[in-house]
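Bear in mind these aren't lab numbers, they're just calculated from the coordinates by the rules spelled out. The model shown is predicted, which means the values in this text are computed figures rather than measured ones. Virtual Cβ from ideal backbone geometry, glycine too; neighbours counted across all protein chains shown.
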Amino acid sequence: MMKTKSLFGLTMLFLLALLAGCSSDNEKNEEPIVEPREFALTNFTNTGCKSTMSAPRRSMEYNEYFELKATKDGGLYVKHVNATFNCVSHKFKAEASLEGQAIKVTELDATHAETMANCVCSYDLGYILGPLKEGATYDMTIITTTELTPEQEAMGVRFDKTETTFTFTYSLDFDDVFPVRYEGETEI
């Protein structure tokens with residue numbers, strides 16, 4: 001009889017422990033609260049100099065363009081193919097902002113070389129922007145230029161820059177190509 005009470009007591013204790021460890025279906029199905037991510041430029045890469053060319057700085061043979069492709073997490077992968085910079089360039093950075101539906105990206109050669117060589121190279125720059133909203137239409141401006149030191153600015157040094165603007169509607173299957181627009185060039 002004592003063994004039966006003991007066995008019964010242990011069984012009840014086991015069942016209580018088992019029940020205490022269970023959770024309701026509501027708790028299991030609730031998704032964690034995820035804070036919205038802020039717009040940012042991430043995963044910046046560059047290929048290094050792909051090919052060296054002599055002047056002129058810009059030419060149609062460079063076939064410079066932007067590839068844009070949606071990422072599965074609501075971002076936008078941007079690849080600037082054949083971005084043209086001085087052939088001594090080796091340090092790049094990019095900055096981005098989003099105001100309303102206007103995206104502005106600045107790609108910079110941040111090498112700060114004391115003397116630039118008389119040649120240019122094509123580089124591929126890549127980065128991810130986001131998050132973006134499904135179905136939203138964005139005006140995107142990408143400026144490509146060279147960052148100047150305070151001394152270079154004081155001397156009035158200027159480098160070429162491109163400013164390309166285009167409009168696109170974001171979706172998770174978005175995938176498009178946009179040509180770089182050079183100063184004075186009009187859309188055909």
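Run the numbers for D124 and T141: contour at 0.36 nm per residue of separation, minus the present Cα-Cα distance, in nm.
On the way: separation 17, 0.36 × 17 = 6.12 nm, distance 1.77 nm.
Length difference between fully extended and current span is 4.3 nm.
Report the gain in length on full extension from F174 to V88: 0.36 nm times residue separation, minus Cα-Cα distance, nm rounded to one decimal.
The F174-V88 span can extend by a further 27.5 nm.
Between A154 and K69, what is the spin-label point distance in nm, taking each point 7 Å from the Cα along the Cα→C-beta axis?
In this crude spin-label approximation the distance works out to 4.7 nm.
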